[in-house]
1. Which of the following residues is within 14 Å of another protein chain (Cβ to nearest Cβ), modelled with pLDDT under 95 and surrounded by 14 or more Cβ atoms within 10 Å (Cβ to Cβ): A:109, A:104?
2. Please work out if residue B:54 is assigned to a strand (DSSP E or B), out of contact with any Gly (no Cβ under 9 Å at 6 or more places or on another chain) and modelled with pLDDT of 95 or more.
3. Please name all residue pairs, on different chains or six or more residues apart, with Cβ atoms under 9 Å, provided the first residue is in segment A:27-43 and is at the interface with another protein chain (Cβ under 10 Å from one of its Cβ atoms) and on the phi > 0 side of the Ramachandran plot and the second residue is assigned to a loop (DSSP other than H, G, I, E, B) and of a type outside the set (Gly, Ala, Ser).
4. Can you name every residue in segment B:1-13 that is under 17 Å from residue B:88 (Cα atoms) and either out of contact with any strand residue (DSSP E or B) (no Cβ under 7 Å at 6 or more places or on another chain) or not β-branched (Val, Ile, Thr) (or both)?
5. Among (1) more than 14 Å from every other protein chain (Cβ to nearest Cβ); (2) at negative phi; (3) part of a loop (DSSP other than H, G, I, E, B), there is one condition residue B:80 misses while meeting the rest; what is its number?
6. Can you confirm whether residue B:21 is within 11 Å of another protein chain (Cβ to nearest Cβ) and within 18 Å of residue B:3 (Cα to Cα)?
7. Restricting the search to segment B:23-43, which residues are surrounded by fewer than 19 Cβ atoms within 10 Å (Cβ to Cβ) and within 18 Å of residue B:63 (Cβ to Cβ)?
8. Could you list, in sequence order, the residues of segment A:71-101 that are modelled with pLDDT under 95, of a type in the set (Lys, Arg) and either out of contact with any strand residue (DSSP E or B) (no Cβ under 7 Å at 6 or more places or on another chain) or within 17 Å of residue A:17 (Cβ to Cβ) (or both)?
Amino acid sequence: AQKITQTQPGMFVQEKEAVTLDCTYDTSDPSYGLFWYKQPSSGEMIFLIYQGSYDQQNATEGRYSLNFQKARKSANLVISASQLGDSAMYFCAMREGSGGSNYKLTFGKGTLLTVNP
Amino acid sequence: DAGVTQSPTHLIKTRGQHVTLRCSPISGHKSVSWYQQVLGQGPQFIFQYYEKEERGRGNFPDRFSARQFPNYSSELNVNALLLGDSALYLCASSFYDWNTEAFFGQGTRLTVV
């Protein structure tokens, strides 16, 4: 079973509008972390935002916010006021467990976001 | 401060050859992880090293090996290259092995012909 599912292969948004990128996850571990990364065509993975499984509030970082719905196992990324520079591939990832076993990220297949002027 | 640096940025090798990829983590970071990203997919975990010890290994054949040096830099070695090894290889560094943030380098694009 897929641990991270991103159902939107591609998304289009007009500049200055908000967009939501979907991510659902599957884990039986009570301790986990959810990440969103941006990957421009240059290849570098740029960290955007993190949500821990025990965090009570949704994470926010500038124009990025994470809509965390634990019961639905959903961790959608919301980008407000889209900019042309936001055009890139976006990956949702999960780290399961804690302590010494908490070492790897499992990524989804990504969503290609295109911001139109 | 310098971010995670990887070398080389691009590489072309022939089937059956060996390749060594290098990664220098952010200064002060003690953990390095390696990921393989084939075209159209998300990155797949290969290895993690923390304080020079292997902490985890993904589902990759023994042709893949890695090590971490006393200065925390790391090498990823791949023997007997196959066409399917063509991918972007990403290195990530973090201070601890369980850090909430892992910072990635720009990657090495390996093409096997």
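The values are calculated or read from the model by the stated rules, or taken from the named source; none is laboratory data. If you're wondering where the values come from, they're calculated on a predicted model, not measured in any experiment. Using ideal geometry, Cβ is built from the backbone for each residue, glycine included, and neighbour counts are taken over all protein chains shown.
1. Criteria check complete, one pass: A:104.
2. Working: assigned to a strand (DSSP E or B): yes; out of contact with any Gly (no Cβ under 9 Å at 6 or more places or on another chain): yes; modelled with pLDDT of 95 or more: no.
The answer is no for residue B:54.
3. Pairs that qualify, where the first residue is at the interface with another protein chain (Cβ under 10 Å from one of its Cβ atoms) and on the phi > 0 side of the Ramachandran plot and the partner is assigned to a loop (DSSP other than H, G, I, E, B) and of a type outside the set (Gly, Ala, Ser), are A:43/B:9; A:43/B:106.
4. Pass one, segment B:1-13, residues under 17 Å from residue B:88 (Cα atoms): B:4-13.
Across segment B:1-13, the qualifying residues are B:6, B:7, B:8, B:10, B:11, B:13.
5. It fails just one condition, (2).
6. Values: within 11 Å of another protein chain (Cβ to nearest Cβ): no; within 18 Å of residue B:3 (Cα to Cα): yes.
For residue B:21, the condition - within 11 Å of another protein chain (Cβ to nearest Cβ) and within 18 Å of residue B:3 (Cα to Cα) - is not met.
7. B:38 - this is the single residue of segment B:23-43 that is surrounded by fewer than 19 Cβ atoms within 10 Å (Cβ to Cβ) and within 18 Å of residue B:63 (Cβ to Cβ).
8. Once the filter is applied, which keeps residues that are modelled with pLDDT under 95, of a type in the set (Lys, Arg) and either out of contact with any strand residue (DSSP E or B) (no Cβ under 7 Å at 6 or more places or on another chain) or within 17 Å of residue A:17 (Cβ to Cβ) (or both), segment A:71-101 yields nothing.
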